[in-house]
Amino acid sequence: MGHTGLRRYAPKRFMPDSTNLTAIVLCKNAESTLSHCLASLDFCEHIIVGDDGSIDESLLIARKFHADIIKISPGLDFAQKRNYLLEYAKNEWVFYVDADEIVTSQLATNIQNQIRTTDAKGFYVRRMDVLFGKKLQYGETAHTWLLRVARRNSGHWKRPVHEIWQVSGKLDRLEGELLHYSHPDLEEFMDKINTYTDSETQERVKNHISKTSAYIQLFLFPVGKFMQNYIVRLGFLDGFSGFVMAWMMSLHSLCVRIKIIEKIA
């Protein structure tokens with residue numbers, strides 16, 4: 001899998017006025033997408049790159065964009081990483097972005113306009129996955145709204161995996177898209193699958209899942225995940241990209257169940 005479409009969707013703009021906003025970017029070996037991500041954050045007054053042990057060119061790229069680089073302590077879960085980096089934010093508003101995400105011009109403009117006048121505490125952002133240069137319009141990833149913009153002191157991140165930002169107060173939605181290039185090639189996809197399924201497995205084992213339940217899920221959940229994304233949620237309308245994404249989501253589910261059985265058997 002190549003990087004087809006990455007430059008096509010990367011926004012190009014000039015915004016002379018910075019915003020009272022700190023962008024926090026989680027990063028680990030993200031040299032293939034980080035420069036596009038940071039370029040799309042040029043409207044932010046302050047950028048933090050939270051590095052989780054990168055050994056590629058990620059840190060060199062972050063320095064070129066004059067980002068503050070904060071080393072993340074090993075052993076922290078995803079919520080703890082985000083909360084740790086929050087302490088370094090200099091502005092009233094904070095925008096969390098992953099290194100494989102790009103902010104579109106429409107979203108950047110709406111963030112600037114809204115945080116200057118709103119009485120809300122935070123905003124949900126629509127994230128759209130891009131695979132093989134195609135924005136996926138169907139499947140579960142096409143209906144993803146994430147709370148990513150909020151006032152610095154309005155809440156904290158919870159849950160060790162699939163973490164959520166719990167913000168107290170009025171919440172709203174922003175127009176525009178956050179483009180997600182999560183799988184630039186098969187090797188990187190498999191690395192992410194391994195990392196995320198390790199964390200999810202640990203959490204499920206902590207909740208004392210039974211061996212019987214684990215085996216039932218092993219046979220039913222991966223197939224069900226594929227059918228849900230490809231048939232029920234019309235992933236087939238995204239063509240080959242939709243087919244691959246449906247299988248990727250199914251593989252993630254399969255790996256979690258296999259790892260659970262390995263641990264409790």
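The GNM of the chain, with springs linking C-alpha atoms under 10 angstrom apart, assigns the highest mean-square fluctuation among VAL244, VAL49, VAL103 to VAL244.
From helices alone, the chain scores -12500 deg cm²/dmol at 222 nm; the rule is -39500 (n - 2.57) for each run of n ≥ 4 DSSP H residues, then divide by the residue total. The relative contact order of the chain comes to 19 percent, based on Cα pairs under 8 Å that sit 6 or more residues apart. Helix 186-206 and the long axis of the chain differ in direction by around 70°, with both axes built from C-alpha atoms. Placing MET128, MET190 in order of accessible area, with the largest value first and a 1.4 Å probe, yields MET190, MET128. Restricting attention to the chain, close to 45% of DSSP beta bridges with both partner residues there are antiparallel.
Along each principal axis, taking the top coordinate minus the bottom one, the Cα set of region 89-130 gives 32, 22, 15 Å in descending order.
Each residue was assigned an accessible area with a 1.4 Å probe, and for ARG151 the value is about 40 Å². Output the 0 to 90 degree angle, nearest 10, between the alpha-carbon long axis of helix 239-264 and the longest principal axis computed from the alpha carbons of the chain. Between helix and principal axis, roughly 70 degrees. Taking the longest Cα principal axis of the chain as reference, the axis of helix 105-117 is set at about 60 degrees. Working ranking of peptides 248-260, 218-230, 202-214 by packing, defined as the average number of other Cβ atoms within 10 Å per residue, highest first, is 248-260, 218-230, 202-214. Amide H contacts under 5 Å for GLU57: GLU31, restricted to partners 5 or more places along the chain or on a different chain, H placed in the peptide plane at 1.01 Å from N.
Against the set (i) 26, 21, 20; (ii) 37, 22, 16; (iii) 31, 21, 19, the structure's computed semi-axes √(5λ) of the Cα gyration tensor in Å falls on (iii). Listed by chain and number, the lysines placed with their C-alpha closer than 19 angstrom to that of LYS158 are LYS81, LYS121, LYS170, LYS206; residues fewer than eight positions away on the same chain are left out. In this structure TYR124 has an accessible area near 80 Å², from a 1.4 Å probe over the protein heavy atoms.
Placing +1 on each Lys and Arg Cβ and -1 on each Asp and Glu Cβ, with no other charges, gives the chain a dipole about its Cα centre of roughly 640 debye.
The values are calculated or read from the model by the stated rules, or taken from the named source; none is laboratory data. Since the structure is predicted, the reported quantities are computational estimates derived from the model, not experimental observations. When we count neighbours, we look across all protein chains shown, and the Cβ atoms used for this are built from the backbone with ideal geometry, even at glycine. Quick note on the areas: whole protein, heavy atoms, side chains included, nothing else; ligands and nucleic acids left out. Shrake-Rupley method; radii C 1.70, N 1.55, O 1.52, S 1.80 Å.
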